[in-house]
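Report on the structure given below.
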Ligand code: BQF
């Protein structure tokens, strides 16, 4: 009985496995054509962003994917950023383009995302790619929702007819994962409810949830008393909280209070080591896909 409770979804090891699978595919693709090539642009001094970018470059290396880290001045003009993106869009040697968010506050991220070719949009943030999710015919899916679907697939979570509750309505996670879970597809066919800050009586909605995706960005907001026994919980939060005990002075916690929720969940993703590593692995998959798209292979 107890073995059915609190089984931890090991995103870190699944991600490592996927990275080695992609590395094999990249090797064979590179023999026929050339190595997939990713451009990563970063501006600003957000320290978490620097960490994420470094881990993406390192993972690309493991996959045999070529990558360029393009460090833009922190005071870059919007017009100059557009010029750089146009160059990369037109460069036939570049398959994937990623602009690390957040950008400096005076730059409109939507205009920047719009400037990236949808066929090189490995983050899947371009309205064209988001639209294709709505159409039920996705091309590039944002890496976090894609990683969640992949975990659900690999852990054989049955979604058909289940009540899935998504907490959070962001363009990058909440909305796309809701669509994917509701889609007429193998890991879809769920009945999806989207909750947010204006939702009334979230506790009542959560009591009926078989699957919960928590993507609000609020540390440990989902607690054990809010979920039903046996629920599958996917924690998308990556929150830094102060911790004098650690070297860095902070530690990562999710949007889920792991201690209490894991007592009731049948499956749960930890933070760190759950969804986060999957996000990075999916970026590699999207980059290989972009390269294949170019060579129609
Ligand atoms: C882990 C991200 C918010 C805003 C912008 C592994 C990552 C994170 C956590 C990672 C994220 C979150 C990324 C863990 C990329 C995921 O072990 O738990 C990897 O690198 N992520 C990002 O690029 O931009 C963000 C979250």
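The values are calculated or read from the model by the stated rules, or taken from the named source; none is laboratory data. No experiment lies behind these values; they were computed from the predicted model shown. A quick note on method: Cβ atoms are made from the backbone with ideal geometry, for glycine too, and the neighbour counts reach across all protein chains shown.
Listing for the model above:
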{"quantity": "Residue, surrounded by the most Cβ atoms within 10 Å (Cβ to Cβ), within region 58-77, restricted to residues that are in contact (Cβ under 8 Å) with a residue 24 or more places away in the chain and part of a loop (DSSP other than H, G, I, E, B)", "calculated": "65"}
{"quantity": "Every residue from region 1-40 that is within 30 Å of residue 81 (Cα to Cα) and either within 16 Å of the ligand (Cβ to nearest atom) or at pLDDT below 95 (or both)", "calculated": "38, 39, 40"}
{"quantity": "Residue list for region 42-57, filter: within 11 Å of the ligand (Cβ to nearest atom) and part of a loop (DSSP other than H, G, I, E, B)", "calculated": "46"}
{"quantity": "Count of residues meeting criterion [over 20 Å from the mean Cα position of the chain (by Cα) and either over 30 Å from residue 156 (Cα atoms) or exposed (fewer than 12 other Cβ atoms within 10 Å of the Cβ) (or both)] in region 2-23", "calculated": "3"}
{"quantity": "Checklist (1) in contact with a strand residue (DSSP E or B) (Cβ under 9 Å, 6 or more places away or on another chain); (2) without any contact (Cβ under 8 Å) to a residue 12 or more places away in the chain; (3) within 16 Å of the ligand (Cβ to nearest atom) applied to residue 249, failing item", "calculated": "(3)"}
{"quantity": "Single residue of region 84-99 satisfying the filter (in contact (Cβ under 8 Å) with a residue 60 or more places away in the chain and under 14 Å from residue 142 (Cβ atoms)) that is surrounded by the most Cβ atoms within 10 Å (Cβ to Cβ)", "calculated": "96"}
{"quantity": "Hey, residue 107 crowded, with 22+ Cβ neighbours inside 10 Å and either part of a helix (DSSP H, G or I) or away from the ligand (no atom under 15 Å from the Cβ) (or both) or not", "calculated": "no"}
{"quantity": "Subset of region 28-45 [farther than 14 Å from residue 287 by Cβ, touching a helix residue (DSSP H, G or I) at 6+ places or on another chain (Cβ under 9 Å) and surrounded by fewer than 19 Cβ atoms within 10 Å (Cβ to Cβ)]", "calculated": "32"}
{"quantity": "Identity of the residue in region 266-277, more than 10 Å from the ligand (Cβ to nearest atom) and under 22 Å from the mean Cα position of the chain (by Cα), that ends up farthest from residue 167 (Cα to Cα)", "calculated": "267"}
{"quantity": "Members of region 123-132 found to be out of contact with any strand residue (DSSP E or B) (no Cβ under 8 Å at 6 or more places or on another chain), in contact (Cβ under 8 Å) with a residue 24 or more places away in the chain and assigned to a loop (DSSP other than H, G, I, E, B), listed by number", "calculated": "124, 125"}
{"quantity": "In region 133-187, the residues that are in a loop (DSSP other than H, G, I, E, B), farther than 16 Å from residue 123 by Cβ and in contact with a helix residue (DSSP H, G or I) (Cβ under 7 Å, 6 or more places away or on another chain)", "calculated": "159, 168, 169, 187"}
{"quantity": "Criterion (touching a residue at least 24 places away in the same chain (Cβ under 8 Å), within 12 Å of the ligand (Cβ to nearest atom), under 30 Å from residue 34 (Cβ atoms) and in a helix (DSSP H, G or I)) met by exactly one of 283, 293, 288", "calculated": "283"}
{"quantity": "Residue count for region 252-271, restricted to those that are in contact (Cβ under 8 Å) with a residue 60 or more places away in the chain and part of a loop (DSSP other than H, G, I, E, B)", "calculated": "8"}
{"quantity": "Residue in region 91-104 that is over 23 Å from residue 176 (Cβ atoms), touching a helix residue (DSSP H, G or I) at 6+ places or on another chain (Cβ under 8 Å) and more than 15 Å from the ligand (Cβ to nearest atom) present", "calculated": "yes"}
{"quantity": "Enumeration of residues in region 244-278 that are closer than 30 Å to residue 37 by Cβ and surrounded by 24 or more Cβ atoms within 10 Å (Cβ to Cβ)", "calculated": "274, 275, 276, 278"}
